[in-house]
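Below is one structure, written out as structure tokens; comments come after it.
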């Protein structure tokens, strides 16, 4: 097996770890959703703009401390948060 194959195996292992962590995050998001007041058609209930900004700011700072590109961190967390907000809205509309 060559070096590139070994690196790809390591990346696949990290991806599996990330999937497990995202599953845990989804469970917590679902628990938080159940504790929130029922939305009345206003996305603000789900989106919590101040909380989103706080999370993005904190992950940006932590990324810099860890040596991760802050652009990557902001893009990943922005996409992830949007996906979980979309999931919450979908569940709320069912």
| said: Would you confirm, using the coordinates I've provided, whether residue 51 is surrounded by 13 or more Cβ atoms within 10 Å (Cβ to Cβ), assigned to a helix (DSSP H, G or I) and under 15 Å from the mean Cα position of the chain (by Cα)? | reply: no
| task | State all residues of region 62-91 that are more than 16 Å from the chain's Cα centre (by Cα), in a helix (DSSP H, G or I) and either modelled with pLDDT of 95 or more or over 15 Å from residue 26 (Cα atoms) (or both); if no residue qualifies, say none. | result | 64, 65, 66
| Got a sec? Which of 42, 12 is over 14 Å from the mean Cα position of the chain (by Cα) and modelled with pLDDT of 90 or more? | 12
| query | Somewhere in region 26-36, is a residue within 22 Å of residue 15 (Cβ to Cβ), modelled with pLDDT under 95, in a helix (DSSP H, G or I) and under 13 Å from the mean Cα position of the chain (by Cα)? | reply | yes
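The values are calculated or read from the model by the stated rules, or taken from the named source; none is laboratory data. What you are looking at is a predicted structure, and each value in this text was computed from that prediction instead of being measured. Please note: Cβ atoms are built from the backbone with ideal geometry, for glycine as well, and neighbour counts cover all protein chains shown.
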